[in-house]
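Engineer: Please find one structure pasted underneath; my questions will follow.
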Amino acid sequence: FSRTAKVQGVDANFDQADHFSRTSVNNVLLLLRFQVGLMLIVQRVRPATRHVLVEAEVRDPVTGLPNERYLLLRLEEETARAHRDERPLTLAVRDINGLAAINEQYGRDCGDEVLRHVAAVVQTTKRASDILARLTDDEFAVILPECTREGGQAFVSRLEERLAREPARALLSDRPSH
C-alpha cells in the first residue's frame, strides 16, 4: 500500500510501509479526517465564529501569544521577504531554565504565571515589527525582521538584562511548595 497525504503542512508518506506501523497510519488518517471535518465545520459557521476557531489554532492558551504553528508560517513569509528584498532577518530563541522544577515544586498554575511574566517582558522588550511566539513548554522565539546578527545579539542582551532586573522569582515568594 502506497499513498501520500498532504494537508495543511502535514506530510505523511506511506511508500515505505516498514517505517510505519498500522497505528501510525491510522493516526495520520484520523488527523486527516479531523482536519477535513474541522474545515467543513468552519465553512458552516458565521464569519465571526470562524475567526475565533482559526484564532484558537494559532494562539497559545496560557500566554495568549501566537504559537509555533503561527511562528513557522510567519517565519516562512519573513524569510521569503528578506531574501527577495536582500534584507537581514534574525530569529532569537529563549527558553526558561527551571520551569519543570517550578511546576513540580509550586504547581502548574505558578509555572503558568512565570510563562505569562516572561511573555510580558519579551513583549515589552521587542520592537513593534518583531514577531513573538511561544514554541514549546518553556521556549519562546522572536522573529526580528530587518535585524542583523549583531542587532539580534543586542536584543537578546537587553532581554537578559530585563529578565535579571524583573525576575519571576517574585511570583514564587508567596507560594507554598507542594
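Engineer: Within segment 97-156, restricting attention to residues that are over 14 Å from residue 168 (Cα atoms) and among the polar types (S, T, N, Q), which residue is surrounded by the most Cβ atoms within 10 Å (Cβ to Cβ)?
Structural biologist: Per the stated criteria, the residue is 125.
Engineer: A further question on this structure: Which of the residues that make up segment 78-96 are farther than 23 Å from residue 167 by Cα and surrounded by 13 or more Cβ atoms within 10 Å (Cβ to Cβ)?
Structural biologist: Passing the criteria: 78, 79, 81, 82, 87, 88, 89, 90, 91.
Bear in mind that the values in this text are calculations on the coordinates, not laboratory data. Since the structure is predicted, the reported quantities are computational estimates derived from the model, not experimental observations. Every residue, glycine among them, receives a Cβ derived from its backbone with ideal geometry; neighbour counts consider all protein chains shown.
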